[in-house]
1. Take the residues in region 1-43 that are surrounded by fewer than 20 Cβ atoms within 10 Å (Cβ to Cβ) and more than 25 Å from Gln354 (Cβ to Cβ), then tell me which one is nearest to ligand 1 (Cβ to nearest atom).
2. Are there any pairs with C-beta distances below 6 angstrom linking a residue in region 598-613 that is in the same structural domain as Arg656 (by TED's automatic domain parsing) to a residue that is basic (Lys, Arg) and buried (at least 19 other Cβ atoms within 10 Å of the Cβ), with the two at least 6 apart or on different chains, and if so which?
3. Could you tell me which residue of region 325-336 is farthest from the chain's Cα centre (by Cα), considering only residues that are in a loop (DSSP other than H, G, I, E, B) and within 11 Å of ligand 1 (Cβ to nearest atom)?
4. For region 247-286, what are the residues that are basic (Lys, Arg) and either farther than 23 Å from Ala9 by Cα or within 16 Å of ligand 2 (Cβ to nearest atom) (or both)?
5. From (1) away from ligand 1 (no atom under 16 Å from the Cβ); (2) in contact with a helix residue (DSSP H, G or I) (Cβ under 8 Å, 6 or more places away or on another chain), pick out the condition that doesn't hold for Trp140.
6. Take Leu428 and decide whether it is in the same structural domain as Pro558 (by TED's automatic domain parsing), out of contact with any Pro (no Cβ under 8 Å at 6 or more places or on another chain) and closer than 21 Å to Asp271 by Cα.
7. List the strands (runs of 3 or more DSSP E) inside region 410-504, counting only whole elements, that have at least 2 residues being in contact with a Ser or Thr (Cβ under 6 Å, 6 or more places away or on another chain).
Amino acid sequence: MQRLHFGAAWYPEHWPPQRWAEDIRLMKEAHFTVVRLAEFAWSSLEPSEGDFRFDWLEQAIAQLAEAGIWVVLGTPTAAPPAWLVTQYPETLAVDEQGRRVQFGNRCHYCVNAPEMHRAARRIARAMAERFGSHPRVIGWQVDNEYNRVCYCDHCHAQFQAFLQQEYGTLDELNARWTTAYWSQTYSDWKQIPLPIGPHNPGLMLAFRRFVTRSYRNFQRAQLEELRPHLPSSVWVTHNFMNWFGGFDHYELSYDLDLASWDWYVATGHHDHLTSGAAHDLVRGYKRKNFWLIETQPGHVNWSQTNNALNKMEARAMAWHAVAHGADALLYWQWRSALNGQEQYHGTLIDQSGQPRPFYEEAQLIGAEFARVSDLVIGSTVQARTAILNCYESRWAIEFQRHNSAFDYVAYLEHWYRPLSVRNLEIDLLSADEALDGYQLVIAPALIVLDEQRIEHLRAFVQRGGRLVLTLRTGMKDRHNAMLPSRPPGALAELAGVEVEEYYSLQHPIPVGGKLFQGTASLWAERLRLLGQPFTTVMARYGASNGWLDDQPAVVVNPYGSGFVYTVGAWLDERSQDTLVRQILLNTSLKPFETPPAVEVRVRVRPDGRRLYFVINHSRQEQTVTLPWDATDHLTGQSFAPGALTLYPYAVALLTRQEDVSVVG
Ligand code: GLA
Ligand code: ZN
């Protein structure tokens with residue numbers, strides 16, 4: 001069912017069936033179109049091995065169907081029941097210290113345990129047989145927020161088998177990992193440990209790949225059981241967590257039809273530049289629209305201070321998610337259970353069964369989603385700017401930060417923010433993607449290179465693209481070994497420079513040129529020009545440690561029909577902003593200037609009509625300048641060109657008036 005969906009996670013198994021009708025009535029009044037059911041309901045669905053009790057779920061779906069509400073079903077495998085882990089103790093994961101983890105806090109399973117796979121397949125198959133072709137079930141979610149790493153003997157043996165498959169011979173592995181170092185040379189696969197704490201960088205990177213592979217296998221096992229029973233219109237997703245770095249999200253998304261994620265602000269209030277990056281990240285997993293399948297109704301229960309979002313803040317957040325490509329928003333969760341670990345979490349309905357104050361805001365959002373669903377659905381974000389994200393590079397840096405404050409995601413956001421604040425649509429993409437159609441590509445700290453990446457980047461610049469290379473680029477191969485060249489490796493030809501030395505900075509140092517006078521902190525690289533004729537130094541270091549004094553810090557080099565910038569220093573925010581502005585001037589990308597708290601994002605409909613989402617993310621009134629006549633589809637109001645006043649947390653969904661005729 002293609003529409004802009006609105007709803008929540010609902011756990012009917014926590015309540016007597018007599019109550020359900022009232023819940024569904026309240027859902028209807030909040031304009032729900034979808035609920036997510038059954039993730040975590042394993043003990044209610046299969047109270048003992050092979051004994052399936054699906055009637056209650058069938059009944060709940062039937063009642064929802066009567067109210068016209070659609071259903072997403074979760075496989076309940078994130079909550080293996082007590083009988084399962086007692087009968088098959090090896091389904092419980094083992095932690096780094098070698099202890100079996102405790103039952104009852106979710107995700108307590110070993111992702112590779114054969115009995116876990118068997119049980120997961122059985123429940124997924126049984127659910128798919130019963131509900132796979134149910135006309136009200138539009139999608140499935142496998143498991144919930146994969147996250148745990150298991151260190152049991154079985155996983156250990158599986159890891160060794162994985163390495164054997166990846167490397168073929170021990171000679172190859174020993175060479176790639178330089179195991180002669182500290183006498184790590186392996187003469188038997190069984191000698192290779194699971195890395196606990198710091199270890200050989202090659203081993204550590206391979207282990208992350210193994211964790212990715214483990215979840216992929218676990219997910220595939222369930223997909224194999226589900227898919228034969230699902231009509232082609234029914235999708236399968238998994239709810240990912242933000243910037244969680246435990247596995248490669250591109251690989252896990254590859255086997256799914258739809259990407260979705262769980263957005264929690266926790267303490268404080270949302271920052272639209274930070275959350276915008278997370279939405280764009282998830283949109284990049286499948287390079288298409290996504291579902292915001294969980295988000296917080298007011299407050300959470302697991303943070304330091306579980307403060308509530310301000311009144312109307314959640315509405316701004318909802319439209320912000322849609323503006324970045326969400327086609328659905330579901331709150332977690334509908335009603336507070338009377339017991340269980342999450343009693344204090346925000347919900348729409350409280351423990352007494354009555355709507356909480358937040359319910360009213362949800363009702364408003366639901367009504368608005370319903371009003372503009374036809375206008376919005378089918379539209380997509382069409383970015384000409386991309387930022388490359390690479391889990392391998394991130395892990396390689398996280399294993400050896402060299403400066404404890406060096407954070408890969410923060411550095412990526414350091415590039416995202418000055419672009420996003422100018423209201424440019426940005427794709428956050430896997431570093432392995434081809435780069436056709438982009439004008440500007442930023443590759444923050446792309447430390448791990450391979451032939452394909454180099455070729456994509458080369459082709460992009462050759463065709464006229466603007467490429468930004470940064471510090472910590474092109475130093476490693478996919479085994480986390482140093483390349484036997486100076487950074488940025490084979491990209492030096494494009495960049496017109498090489499890195500002579502890297503410096504982890506204890507204190508900020510001066511850096512500047514005609515464009516800006518600022519500072520570098522955390523990291524500075526001394527660039528050496530390779531003698532290409534048009535390489536230009538844009539900024540140099542000032543007096544600092546002697547080694548860096550007066551050396552090139554930011555350089556631009558023409559290559560093919562394009563340009564390559566190399567930024568060797570972590571610049572202060574102001575200088576970074578100035579540099580980004582300058583880079584944009586060298587493109588035809590047109591920023592939409594607004595006050596920093598106001599966001600304008602565009603989704604383009606298949607008929608070419610552009611939808612402008614204008615959002616005031618602050619508690620202060622803001623003003624933006626409208627360049628054209630516009631209609632706000634949330635209120636029906638029309639605006640002439642000129643100043644548009646936005647009250648605190650205001651949202652407008654505008655189309656230009658001259659476009660109206662385009663649409664039937
Ligand atoms: C996660 C889980 C949900 C719930 C929320 C609470 O995202 O997926 O089941 O526990 O956190 O914030
Ligand atoms: Zn295990």
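1. Ser43
2. What qualifies is Leu611/Arg603; Phe613/Arg601.
3. If we take residues in region 325-336 being in a loop (DSSP other than H, G, I, E, B) and within 11 Å of ligand 1 (Cβ to nearest atom), then Gln333 is farthest from the chain's Cα centre (by Cα).
4. Let us first name the residues in region 247-286 that are basic (Lys, Arg), namely 283, 286.
Matches in region 247-286: Lys286 only.
5. Status for Trp140: all satisfied but (1).
6. yes
7. Values: elements: 426-430, 440-443, 466-470, 497-504.
Those strands (runs of 3 or more DSSP E) span 466-470.
Every residue, every condition in (1) assigned by TED's automatic domain parsing to the domain that holds Trp20; (2) touching a residue at least 24 places away in the same chain (Cβ under 8 Å); (3) within 15 Å of ligand 2 (Cβ to nearest atom); (4) surrounded by fewer than 20 Cβ atoms within 10 Å (Cβ to Cβ), yes or no:
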position: Gln63; (1), (2), (3), (4): yes, yes, no, yes
position: Gly74; (1), (2), (3), (4): yes, yes, no, no
position: Pro80; (1), (2), (3), (4): yes, yes, yes, no
position: Glu96; (1), (2), (3), (4): yes, yes, yes, yes
position: Ala119; (1), (2), (3), (4): yes, yes, yes, no
position: Arg125; (1), (2), (3), (4): yes, yes, no, yes
position: Arg130; (1), (2), (3), (4): yes, yes, no, yes
position: Val137; (1), (2), (3), (4): yes, yes, no, no
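The values are calculated or read from the model by the stated rules, or taken from the named source; none is laboratory data. Here the structure is a predicted model, which means the values were calculated and not measured. Counting neighbours? That spans all protein chains shown, and the Cβs are built from the backbone with ideal geometry, glycine included.
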